[in-house]
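The values are calculated or read from the model by the stated rules, or taken from the named source; none is laboratory data. Here the structure is a predicted model, which is why all the values come from computation and not from measurement. Note: ideal-geometry Cβ built from the backbone for every residue, glycine included; neighbour counts use all protein chains shown. Ligands, DNA and RNA are excluded from the accessible area calculation, which covers all protein heavy atoms including side chains. Shrake-Rupley method; radii C 1.70, N 1.55, O 1.52, S 1.80 Å.
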Amino acid sequence: ELGVERRFVPESCPRAVRPGDFVRYHYLGAFPDGTRFDSSYDRGSTFNVFVGKGQLIAGMDKALVGMCVNERRFVKIPPKLAYGSEGVPGVIPPNAVLHFDVLLIDLWNSEDEVQVQTYFKPDKCPRTVQVSDFVRYHYNGTFLDGTLFDSSHNRMRTYDTYVGIGWLIPGMDQGLLGMCVGEKRIITIPPFLAYGEEGDGKEIPGQASLVFDVVLLDLHNPKDGIAIENQLVPEFCERRSQTGDFLRYHYNGTLLDGTLFDSSYSRNRTYDTYVGKGYVIAGMDEGLLGVCTGEKRRIIIPPHLGYGEEGRGKIPGSAVLIFDIHVVDFHNPSDSVSITVNYKPSNCTVLSKKGDYLKYHYNASLLDGTLLDSTHSLGKTYNIVLGSGQVVVGMDMGLQDMCVGERRTVVIPPHLGYGEDGVEGEVPGSAVLVFDIELLELVSGLPEGYMFVWNEEVSPNLFEEIDQNHDGEVLLEEFSEYIQAQVDSGKGRLAPGFDFEKIVKNMFTNQDRDGNGKVTAEEFKLKDQEAKEEHDEL
């Protein structure tokens, strides 16, 4: 009778051979005395055949039923279930008992379909693979017995392809449908949906079932545009970015599977760029439009609006990109200073003008609220001569026409502030500045172009009064003492806010027309006299 000894049975046996199945197996054929008469190993290929359809000797047809892939059986077949009284001339003698050591490699049925087993699925699955989508995935490809024939992991490169348009074997086209990014599944494909009777001519033999362990990393469709997910939108948004604006923003850049490829936070510096001008990838150009200062949003960019098929640096080709951005500030090169008056005294008749000496308190911050500086913390005011270049141009503009006690907010674009370079360690480059100002004191300045004015009639013998030793020449020391005396007595007034010695020296230099360190009567002229002479000459 037929004898079957199960010498090895795998722990897992999801499927056993039934009549009508197609099997691939290795075997050693020997007579009872151990003499070998045949071996599939010697030929280097499995024996491939349908079971229960008369393609095998009767004993083998029966012995294979119930076997699992990777199971090993020792089979004793009597002559009546083998080659009987005739045998096989030159190979198997008549009435021979045959011993077969069988190892089952593969098994499938012509009615099989692609089998999908998902063993991990992300909690969030906003989108699944559809026909015509482009996917990037890693895989290990094995036969049913676990033998590895290919792996994208070994190449350290994803497999990138369209789905459902014939770029893949039919079984993989089917098996990838419905997957989420991050999902892991095992796809088992019968040979008639894989490489069929011929195999691939390299690693995959004919009639082989294939098992792919797949993890989906990326998914998009060529028709996709960018997707925007608002994460935080400020309650008050006075202005939204437009084409031509200059933005400063922080970002984390990741792939769809969460792999971080870049971050402005790691460099501790915002990314600064114009929007809508082609300075960034097309998807980011579009995704940065319509944002508010302080807004946080997620921008999902398909590869045809990102870095395309080639990728760049740490970004692989055909990768979908996710940018989580935080807008720090933005402005337009055409922007001027913005002034908002928060409080104005009822008695506001004297307004600040160029040349006035001002004392004021301020808090300086960025548009996102980051505090840069404050005079309050120093316990003293900030003092300047308005319009003299002692502060940035935007502040000179913002302090104009202000009265004592007034409080205002002045917003200064970078081209009227500290420009592209900023102030190292203090003010970032290209930053919009916000100053909350309170004017505490105003000393009226002199008319433009004057450093000293008389409060009463000028002496007709002015040069003689200054020339104390009456030698016909005035030295700097004499000049300085005279001006000091006029200021102390209230007869004259210097431009406020400047160093006395510097301003007097400047006045003296203007009078010392030949530059010899002495002023003569011929050189000495008052401001109005200079203007008259110039007019006469003209």
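Per-structure values
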| read-out | value |
| --- | --- |
| Nearest 10 degrees, 0 to 90: helix 476-489 Cα axis against the chain principal axis | 80 |
| Viscosity 1.306 mPa s, 10 °C: Kirkwood-radius Stokes-Einstein D of region 3-108 over Cα pairs, µm²/s | 114 |
| Residues whose placed amide H lies under 5 Å from that of V4, excluding near-sequence neighbours | K76 |
| Within region 204-292, GluC sites (Glu not before Pro) in DSSP loop having at most 13 other beta-carbon neighbours inside 10 Å | E235, E238 |
| Ratio of the Cα radius of gyration of region 435-483 to 2.2 N^0.38 Å, where N counts its residues | 1.77 |
| Quotient of C-alpha Rg and 2.2 N^0.38 Å, computed over the chain | 1.90 |
| Extension gain, N506 back to N342 (0.36 nm per residue minus Cα-Cα distance, nm) | 55.1 nm |
| Hz values of 3J(HN,Hα) by residue in region 217-226 - Karplus curve (6.51, -1.76, 1.60), Gly and Pro given as x | 9, 7, 7, 7, 10, x, 8, 5, x, 6 |
| Degrees between helix 500-511 axis and first principal axis of the chain (Cα, 0 to 90, nearest 10) | 70 |
| Cross-link reach list, lysines versus K80, counting only Cα pairs under 26 Å and skipping chain neighbours closer than eight places | K53, K62 |
| Estimated dipole of the chain in Debye, rounded to 20 [Cβ of Lys and Arg +1, of Asp and Glu -1, Cα centre] | 4260 |
| Whole-number D in µm²/s for region 463-516 (Stokes-Einstein; Kirkwood sum over Cα pairs; 20 °C, 1.002 mPa s) | 182 |
| Solvent-accessible area per residue, Å², over the chain with all protein chains present [probe radius 1.4 Å] | 53 |
| Binned Cα-Cα distance frequencies in region 394-523 - 10 Å width, integer % | 11, 28, 23, 17, 17, 5 |
| Contact order relative to length of region 39-167, as percent, for alpha carbon pairs under 8 angstrom and 6 or more apart | 17 |
| Set of region 291-332 residues, backbone N closer than 12 Å to the point 7 Å along the Cα-Cβ line of K277 | 331-332 |
| Dipole-positive endmost among I384, S444, L433 within region 311-446 (Cβ charges, Cα centre) | S444 |
| From phi via Karplus (6.51, -1.76, 1.60), per-residue ³J(HN,Hα) for region 362-372 in Hz, x at Gly/Pro | 8, 10, 10, 9, 8, 4, 7, x, 5, 6, 9 |
| Cysteines without a disulfide-compatible partner [the chain; Cβ-Cβ under 4.7 Å] | none |
| Overall Cα dimensions of region 96-233 - principal axes, largest extent first, Å | 86, 31, 27 |
| With every protein chain in place, region 338-443: carbon and sulfur % of accessible area (1.4 Å) | 48 |
| Label zone at V65, where the point sits 7 Å out along the Cα-to-Cβ direction: region 1-44 residues whose backbone N lies under 14 Å | 2-4, 16-21 |
| Computed FRET value (nearest 0.05) for E86 with H153, which takes r as the C-beta separation and R₀ as 45 Å | 0.25 |
| Ranked packing of 32-44, 438-450, most packed first, by mean Cβ within 10 Å | 438-450, 32-44 |
| Alpha-carbon gyration tensor eigenvalues x 5, square-rooted, for region 213-323, Å | 25, 15, 14 |
| The chain: calculated mean residue ellipticity at 222 nm from DSSP helix runs of at least 4, using -39500 (n - 2.57) | -4000 deg cm²/dmol |
| Computed magnitude of the charge dipole of region 3-108 (debye, nearest 20; Cβ of K, R +1, Cβ of D, E -1) | 200 |
| Förster radius 41 Å - calculated FRET efficiency between V453 and N268 (Cβ-Cβ, nearest 0.05) | 0.20 |
| Cβ-derived FRET efficiency at R0 60 Å, E309 paired with K53, nearest 0.05 | 0.80 |
